[in-house]
Amino acid sequence: MDPIIANFIEENIVPKFNYWIYVILMMIGLYAMITKNNLIKKLIGMAIFQTAIILFYVSIGVKETGGIPIISHHGPDHHQEAEVHSEESSKNLKHNIIDKDKYANPLPHVLMLTAIVVGVSTLGLALAISQRIHKSFGTLEEDEILNELRPGGHD
Amino acid sequence: MIEFSFIPLFTWLVSLLAVPAILVFRKRPDAREGVTFLAAFLKLAMVFMMLPLIREGKILHFKFGEILPGIPIEFRVDGLGMLFALVASSLWILTTLYAVGYMRGLREHDQTRFFACFAISLSATIGVAFAGNLLTLYIFYEILSLSTYPLVTHHGDKAARTGGRTYLSHLLGTSVAFVLPAMIYCYWKSGGDIKFTDGAFLDGKIGSSDGLIVLVAFTLGFAKSGLMPFHSWLPNAMVAPTPVSALLHAVAVVKVGVFCVLRVFTGVFGTDFLQQLDVVTVITYIAAFTIIVSSLIALTQDNLKRRLAFSTIGQLAYIVLGVSFLSSNGVTGSVMHIAMHAFGKITLFFCAGAIFVASGKKYISQMVGLGKQMPITMIAFLIGSLSIIGLPPFGGAWSKWYLFLGALDAEQTAMAVVLVISSLLNIAYLLPIPINALFRSPPQKDEKGSDSGIKEAPLACLIPLCITALAGLLFFMFPGLGFELAQLITK
Amino acid sequence: MKVFGLIAVFVVGLLLLSATQDFPSWGDPRSAASDGEVSSFYIEKTESVTKVPNMVTAVLADFRGYDTMFETVVIFIAGIGIIAVLRNFEGTDSPSDNDNDDDGAGLLARFTCSLILPFIQIFALYVVAHGHHSPGGGFQGGVMFGASYILLALAFGLSKAKQLFSERRTMIFAVIGIFIYVGWGVLCLLLGKEFLNYSVLDSILPGDSMMARSHSMLVVEIGVAFTVTAIMFSMYSNLSTRGRLSKGL
Amino acid sequence: MTEHFPILILLVPLFGALIVVLLGRERPEQCWITSLISLGLSSIISLFTIIVVLSDKVQTIRYRMGGWEPESTVFEVGIELRVDILAALVVFAVTFVGFVNTIYSKTRAEAEAQGKVPFFYALIQLLIVGLCGIVMTNDAFNLYVLIEITSLTSYALIAMGNRRAALSSFNYVIMGTIGASFYLLGVGYLYIKTGTLNIDDIRMVLGNDKLWEHQSIIVAFIFIMLGVWTKMAFFPLHGWLPNAYAYAPSMTGTFMAPLMTKVMVYVMIRVMLWLFGDKFVYSDQHVWGELVIWMSVIAIVAGSLLALARTDIKKMLTYLIVAEVGYMVGGAWLGNVTGQAGAFYHILSDAAMTFCLFIAASIIVLRIGDSRVNAFDNLFRKMPLTMIGFTVGALSMIGLPPTCGFFSKWYLIRGGIEAGQWEYVCALIFSSLVNAVIFFRIFERAYFGNIAGVKEDFSPSDSDANPDTSIKEVPWSMLVPLYIASVSVLLLGIMNRPLFEWIQTALK
């Protein structure tokens, strides 16, 4: 293979494949949103679009060396006390040295929890609206709806 | 010296306060017109109160409510404003008297709206006359345009609407498109100071090329001055009832236009500074062009009011021309001409209206021999025409004379020639009307005795036009006051 | 349109890719985001200041609790928005719709559902309650709980599910959920600290101020769970019946 | 107590929404009362906030959610609200318009919301919560969440209208999602490079680490701008707006048309000056400065012309909104304080006059039953009170003194002259001339009526449907808002100098 291309892949794609994947996914979604004629297909595109962004965010937080962001240096038997007894807290304080490379970055996960919720809500509302459209126009194809509107339309 | 005073404010307010009263009395015409008269006389009285102070060279000043950084709503009464206010407020009384006769004679509709808008536009005129800075001037200018719109379109038929459309589109369009940016540019260049003082505020703050642009923008932007190419609103506005045409298009509106141009020359740039910039020749030529062309057009008009309108355009151009000579004589001539032309032209409009009320005639060709039935009107018309043309012994002679001197001072012999030619043209389009009416017998065959019923117009119409005609004579004998006020500016 | 779409998509894509050249590569622990002060603070200090080992929960419910409150509001908006758009109140109260509902699934499905529903719900409660120490929390648990009702509606017909969880009740539950969350924050306000500053609540909760934060997180998660459960079910019931709330799938 | 004002402004309508939903469909009256009280309370609080912020010692209120002071770190670890005079003014505008619009909704909601009155009031209050939050928050991601809140509520509110409203609402969903997601992407890029989400901190990092040359930051800026522009219907991206606002229920349109776009303009100014910093935005090595000015010129001209081409009054007004957005974008991008302050002042004045015009238009359409200008014969005689309000708004739109429209034009033009952007100045003047034509066309029609013999393109059936006898003035609950709006138009005009000075000092 041409060394330049190989080089390019070596430097820009392999170490950063996550960005490539999300961009490609997102473009698929965007294309569907812009060009599809069926409203439901538009919504599917929208879902893909938002998922791509979620993927992007989550991939920010990844650390090769790190696991899930839940501190697990005291075993499962501590859980209940840790919540109830406050004297436990003093005990926790002494092994408080946490290697931050062992844990993934929690912030993107939190943000994406929000983004997921927003996506769900938008999708649900959009589905409701498209049902309303289907009820009043009898179709979900954009061009048919526009044709039906032509005579009465003010613009 | 400048001294603070409330009188300008009251002078402005009195006609404004009349409006609600007029609306309240809409059911009782007599009370309504009574209010108008009261306001008019009060206004004149206040103007006369201020007159002696101004003659002493004082400058009355009043301001409130800083509306933009460094710019309050500001009243400032100096000689120029005084003269204009004097003319406007005195003629308001006569016009009201005349309007009562006219409107009732023709049983016009919506008389309340008519008188209300009349009062508003009058206070707007006073506001312009007393404006102490450019913004105040601009605001009242716009208010005047808007408040006269209902008057122009009073009849509400198709003609009135098209006329009103032209009226507004020209006046608003030019002011927004040219004056507003020019004003903001000045505001920026002069560091936030656009007050009118004895010294102009833009003096020495602006380059020659910018100066030219700004000057032209202002001069054309104040399209009420009827300079070509933005003149066509004036003939179209003649669809208005005659009292409106008389006051607004012989006195208030058009004179506001030239007044603003005068302000720009004296207050914004200052004649000396313009001399340095050496850019005014453009204005001179525009004015000269307007004078000649409008007079020629006037010759071709058969509708009396339209002919008068075109003559007005020409006469206004005189005033701009005189200012553009930048010589004290020229400015004096212009200031005088504001007053003289106002009285002359309003006489002519009154006569036109009276003829219409009495005989329903609009066209000059129909008026042949009308002098038999309406001698007084026609004689007044003759006097008015002579005064406009500028023949002694009538007021117009003085202003023409000074304009002529101004042209010679500025070594603009070409312009002097223009003045002469245009005076001849004036004769050509004005004099034939009264002459034919008085000294030629009406063509009999196409009469069918319809004119036999014609008598003089109602007294309310006759009295004002006689007064204004006489005023033309008096101004020739006692022009002193006019000079004095003019001197206050030119010195 | 298609061509235009393609062009736009490619322009956007190239723009986005062009930016990745100075991005950190996959999983780089030294990237500005992962190594930055804020995330380090979350990782290192979370447990010591909030007593919650699950950082995600802590950040979600405490550090960025304000976000999460609005997240709950978003869900709520979606619920009432769908009703506002789709619901038609005509024909709901007519008994004919509610009586003859044989629109449940077959016997086998009903039996299976009645078997697994309790476990689903108990697990949902566990997910809500145990969010401090393991992946989970109000949203996840709430969704599961809502799913249990949806399953009920699928198996026994919507009207059966509505007898347990009527529309009015869903609305009340949703409101209660948000009310718990916001009210808990207002409580902090009343005790004189900032909104959602749980540390002042140690005066009314067992344990010190840090434990107070930990407990408060549980409270707000429960609030979230309420809202999510209710809205999930109402979303389903409206969307599946075109807003008639009868004769579901 | 005063330091809690920002959050109280948000909480009161939030609780109002909850209560309204609990009240349920059986009690529309009480729903109205509740939202009236909650919005009135919240606007009073925001008024006090203005007073607090104007006092010398408190220039900006910073309110840290959950009391997370950054102790061990330099950066904020929580979310903070930041309220300076600009935010306080916009928040007051939002809450106050919401309050007045609620008065207007009294009769309309029951007529147009098809028995879903409580949901309408809940959504509109949540929309207000979202808008206020957008204005006050100082956290880039929280801004996204709030943007989505406003979007969701407005989708639902618009879709409550007729079937065309549903369709345009769907387009709005698609466009809005693209816009919001672009914004989210931009924030993600910023987060990767800076590792924080607090707006001030991001600006700090960008400044300290000299990240301005980085491609990713430039792309982030472009995408955030695209997102915000989509939301504010900046000209090429305006497609969703006219239908959405024209077909929405009237009481929804009257609220959204004045506020949504304006708040997004505020967000744009905030993003430009606070998130990225003027050194980055106005720096010479970026081409976009000139470009955006030209885009705004195109937006102004196109918006005015499209408005001129419409005969449906609501459509006309929506296209005027598009033009006005062009004003503000251009002003903000002029790069001098006068322009920015002018753009900001225009946010307030445009909100006032659009509100005024929309209420007047809705009343007229409601009464004569036809939204086409040709049907407006003799309105000055039939409903003078309404037309007075309409006239005030129209004059302000044209930009005649002493209405606020004149002064905002004044500042914007001055900014354009100072920046030497003559094309922008010309566009402003052009559009105000076009506005003059548009509105005087209406005035003429409403003032004289139709001339006999002139053929009109609307069938007589329209006029027969509701003969003039049925056309009368509307109840006070519609006229009062109209007059409040027109008075505030004049008030803003008279108050312009202090307002402008506050804005300028805040921007410097």
- Where D:F355 falls short, out of the listed (1) in a helix (DSSP H, G or I); (2) over 21 Å from the mean Cα position of the chain (by Cα); (3) more than 14 Å from chain B (Cβ to nearest Cβ): (2)
- Restricting attention to region B:163-196, report how many residues are over 21 Å from D:V425 (Cα atoms) and either at the interface with chain D (Cβ under 9 Å from one of its Cβ atoms) or free of Cβ contacts under 8 Å to residues at least 12 places away in the same chain (or both). 3
- Task: Would you check if there is a residue in region B:171-180 being in a helix (DSSP H, G or I) and farther than 30 Å from B:G211 by Cβ?
- Result: no
- Going through region D:12-26 in order, the residues found to be more than 8 Å from chain C (Cβ to nearest Cβ) and touching a residue at least 12 places away in the same chain (Cβ under 8 Å) are D:V12, D:P13, D:G16, D:A17, D:I19, D:V20, D:L23
- Message: Pairs needed: first member in region D:400-422, facing chain B (nearest Cβ under 9 Å); second member anywhere, assigned to a loop (DSSP other than H, G, I, E, B); C-beta distance under 6 Å; at least 6 residues apart or different chains.
- Response: D:F406/D:G399; D:F406/D:L400; D:K409/D:G399; D:E418/D:N336
- Task: Would you please list the contacts, defined by Cβ atoms under 6 Å and residues six or more apart or on different chains, that run from a residue in region C:171-189 that is closer than 21 Å to C:G79 by Cα and within 7 Å of another protein chain (Cβ to nearest Cβ) to a residue that is buried (at least 22 other Cβ atoms within 10 Å of the Cβ) and of a type in the set (F, W, Y)?
- Result: C:I178/C:F76
- Of the numbered conditions (1) modelled with pLDDT under 85; (2) closer than 30 Å to B:L488 by Cα; (3) surrounded by fewer than 18 Cβ atoms within 10 Å (Cβ to Cβ), B:A31 satisfies every one except a single condition; which is it? (2)
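One line per residue, one yes/no per condition, for (1) of a type in the set (K, R); (2) modelled with pLDDT of 90 or more:
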{"position": "C:G79", "(1), (2)": "no, yes"}
{"position": "C:R87", "(1), (2)": "yes, no"}
{"position": "C:N100", "(1), (2)": "no, no"}
{"position": "C:G106", "(1), (2)": "no, no"}
{"position": "C:Y126", "(1), (2)": "no, yes"}
{"position": "C:P135", "(1), (2)": "no, no"}
{"position": "C:G142", "(1), (2)": "no, yes"}
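Residue-wise test of (1) closer than 25 Å to A:M33 by Cα; (2) at pLDDT below 90; (3) surrounded by fewer than 24 Cβ atoms within 10 Å (Cβ to Cβ); (4) facing another protein chain (nearest Cβ under 7 Å).
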| residue | (1), (2), (3), (4) |
| --- | --- |
| D:Y183 | yes, no, no, no |
| D:Y191 | no, no, no, yes |
| D:N208 | no, yes, yes, no |
| D:L211 | no, yes, yes, no |
| D:G227 | yes, no, no, no |
- Message: Looking only at residues that are in contact (Cβ under 8 Å) with a residue 24 or more places away in the chain and outside any helix (DSSP H, G or I) in region B:18-63, which one is farthest from the other protein chains (Cβ to nearest Cβ)?
- Response: B:G57
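Those residues that are assigned to a loop (DSSP other than H, G, I, E, B) and surrounded by fewer than 24 Cβ atoms within 10 Å (Cβ to Cβ), I need them from region C:195-237; list them, please.
C:I204, C:L205, C:P206, C:G207, C:D208 - these are the residues of region C:195-237 that are assigned to a loop (DSSP other than H, G, I, E, B) and surrounded by fewer than 24 Cβ atoms within 10 Å (Cβ to Cβ).
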- Considering every residue within region A:20-31, establish whether at least one is facing chain C (nearest Cβ under 10 Å), in a helix (DSSP H, G or I), at pLDDT 80 or above and more than 30 Å from A:L125 (Cα to Cα). yes
- Query: Looking at D:L143, D:L157, which one is in contact (Cβ under 8 Å) with a residue 60 or more places away in the chain and either within 8 Å of chain C (Cβ to nearest Cβ) or touching a His at 6+ places or on another chain (Cβ under 9 Å) (or both)?
  - Reply: D:L157
- Task: Taking C:W26 as meeting all but one of (1) within 7 Å of another protein chain (Cβ to nearest Cβ); (2) touching a residue at least 24 places away in the same chain (Cβ under 8 Å); (3) not in a helix (DSSP H, G or I), write down the number of the exception.
- Result: (2)
- Note on the structure: (1) aliphatic (A, V, I, L, M); (2) over 17 Å from B:R440 (Cα atoms); (3) at pLDDT 85 or above all hold for B:A410 apart from (3)
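Out of region C:47-69, which residues are small (G, A, S), more than 15 Å from the chain's Cα centre (by Cα) and either buried (at least 24 other Cβ atoms within 10 Å of the Cβ) or more than 10 Å from chain A (Cβ to nearest Cβ) (or both)?
Going residue by residue through region C:47-69, those that are small (G, A, S) are C:48, C:58, C:61, C:65.
Then keep just the ones that are more than 15 Å from the chain's Cα centre (by Cα); that gives C:48, C:58.
Result: C:A58, single match.
Inside region D:65-82, can you point out the residues that are charged (D, E, K, R) and closer than 20 Å to C:S40 by Cα?
Scanning region D:65-82 gives D:E69, D:E71, D:E76, D:E80.
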- Quickly run through region B:139-154 and pick out the residues that are more than 10 Å from chain D (Cβ to nearest Cβ) and either small (G, A, S) or not in a helix (DSSP H, G or I) (or both). B:S147, B:H154
- Note on the structure: When D:V297 is run through (1) touching a residue at least 60 places away in the same chain (Cβ under 8 Å); (2) in contact with a Leu (Cβ under 7 Å, 6 or more places away or on another chain); (3) farther than 23 Å from D:L152 by Cα, the failure sits at (2)
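Identify all residues within region B:124-138 that are among the hydroxyl-bearing types (S, T, Y) and within 10 Å of chain D (Cβ to nearest Cβ); write none if there are none.
Hits for region B:124-138 are B:T136, B:Y138.
May I ask you to list the residues in region C:155-172 that are surrounded by 19 or more Cβ atoms within 10 Å (Cβ to Cβ) and in a helix (DSSP H, G or I)? Please lay out each step first, then the result.
Pass one, region C:155-172, residues surrounded by 19 or more Cβ atoms within 10 Å (Cβ to Cβ): C:155-159, C:161-162, C:165, C:170-171.
Passing the criteria: C:A155, C:F156, C:L158, C:S159, C:A161, C:K162, C:T170, C:M171.
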- Query: Just a yes or no: is a residue in region B:357-367 closer than 26 Å to B:V258 by Cα and of a type in the set (A, V, I, L, M)?
  - Reply: no
- Among the residues of region B:1-28 satisfying the criterion of being crowded, with 17+ Cβ neighbours inside 10 Å and aromatic (F, W, Y), which is farthest from B:V77 (Cα to Cα)? B:F25
- Message: When you check A:I13 against the structure, is it more than 9 Å from chain C (Cβ to nearest Cβ), over 22 Å from the mean Cα position of the chain (by Cα) and farther than 23 Å from D:S169 by Cα, yes or no?
- Response: no
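One line per residue, one yes/no per condition, for (1) outside any helix (DSSP H, G or I); (2) more than 9 Å from chain C (Cβ to nearest Cβ); (3) without any contact (Cβ under 8 Å) to a residue 12 or more places away in the chain:
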residue	(1), (2), (3)
A:I98	yes, no, no
A:Q131	no, no, yes
A:S136	no, yes, yes
A:E144	no, yes, yes
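The values are calculated or read from the model by the stated rules, or taken from the named source; none is laboratory data. Please read all numbers here as calculations on a predicted model, not as lab measurements. Note that each Cβ is placed from the backbone with ideal geometry, even for glycine, and that neighbours are counted across all protein chains shown.
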